[in-house]
Structure formats: C-alpha cells, structure tokens
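See below for the structure under consideration.
The values are calculated or read from the model by the stated rules, or taken from the named source; none is laboratory data. Here the structure is a predicted model, which means the values were calculated and not measured. Positions of Cβ are generated from backbone atoms using ideal geometry, with glycine treated the same way; all protein chains shown enter the neighbour counts.
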Amino acid sequence: MNPRVRRALGVLVGLGALASGCGDDAEQVEAATVADAAADFLPASLRGLRVEREALPERLASTTRSYLDSMGLYSLREGEELAATMQVGRFSDDARVEDSEFRRDIVNQLGSSQPRAFRMGDQVVHLTTGDQQRVAVWFEDRFLLILAVRDDFEGFRGLLRDTVELAK
C-alpha cells in the first residue's frame, strides 16, 4: 500500500477502536447505508479534488458491538495523489449523541494530539493531528464526520469550511 494512503487511513484505526470498543449490540457495521447518506452531500469534486468512495478495510467493515451502525470512507485526490480522506459514521439509536461528554470521549480517541475545539459558523469542529496530517472532527445530527488532510496540502481551512457546509 502506498505510504501516503496508509498515513491518511491512520485515523481509521481510531474510528475502528470507537466502533469495536463501544456499545452492547452485536450488529455489524455496514458501509452501504452511510455511503448512501454521504452521497447526498458529497459532490464528485470538491475544491478541485476528485471525491471517490473507498472500500473499508475488512477489519472495519466487519466490526461488531458499536455505537456506529454504519461507516463510509471517501478519498479526495489531486490527480492520483491522495490529499485527504472523509470518513462518515452514523450513530446507532442507543448512542448518546446529544451528550457533550459522549462526544468529547469520541473526539479524544481520534488523532495523536490534544483536540482543540473552535467554531466554524454555527458548527463546533475539533482539530487534532495524525501522522503527517491535520484531522477535523465534528458531529451533524446522528453523524460523525472526520476530515483528515495531508499536512502539506494548501487550503485546509477552505476544504474544511466547504465540507462542514455541505454536511448540514
């Protein structure tokens, strides 16, 4: 696997930990249902980057016992080069998505630095870092959204702003 793709998918390990370490249900996480929802707001291109749905690694696609009932992964590419990934998870009915402590616990599992919260319009976004990437995490209704962008990608804020607006 390309090292850049491996680094960009690194945040999925945190998402996988969330998916496998929470909840009491033995339901499988299915990618198709969230992919349909994400397709409603993710265009074919964003800020000149081609957006494509990616297959979830087998380890995540078969996860059970989760607060997430579905997940989807999207690549954002400049030509063939991966610039960012967009991960979308839909919470199950038993997830306490309105509870700020629940949300904080999730955000703290993602990234490798202490998350910093800020407002982008009326949306609270949590910024952290990963291996050579910037990571933005936010919640929209019953969805968890994670945008992981290469450190050297110019225009991170604009891409984040556009993605947050599209997800509303």
*asked:* Give me the residue from segment 63-76 that is at pLDDT below 55 and among the polar types (S, T, N, Q) and, out of that set, surrounded by the most Cβ atoms within 10 Å (Cβ to Cβ).
replied: T63
*Tell me, which strands (runs of 3 or more DSSP E) wholly within segment 64-168 include 3 or more residues that are among the hydroxyl-bearing types (S, T, Y)?*
68-78
*Out of curiosity, is G89 on the phi > 0 side of the Ramachandran plot and at pLDDT 65 or above?*
no
*Restricting the search to segment 94-141, which residues are in contact with a helix residue (DSSP H, G or I) (Cβ under 6 Å, 6 or more places away or on another chain), without any contact (Cβ under 8 Å) to a residue 24 or more places away in the chain and under 21 Å from D69 (Cβ atoms)?*
R96
*Can you tell me which residue among L159, L127, L147 is surrounded by 14 or more Cβ atoms within 10 Å (Cβ to Cβ), over 23 Å from A44 (Cα atoms) and of a type outside the set (K, R)?*
L127
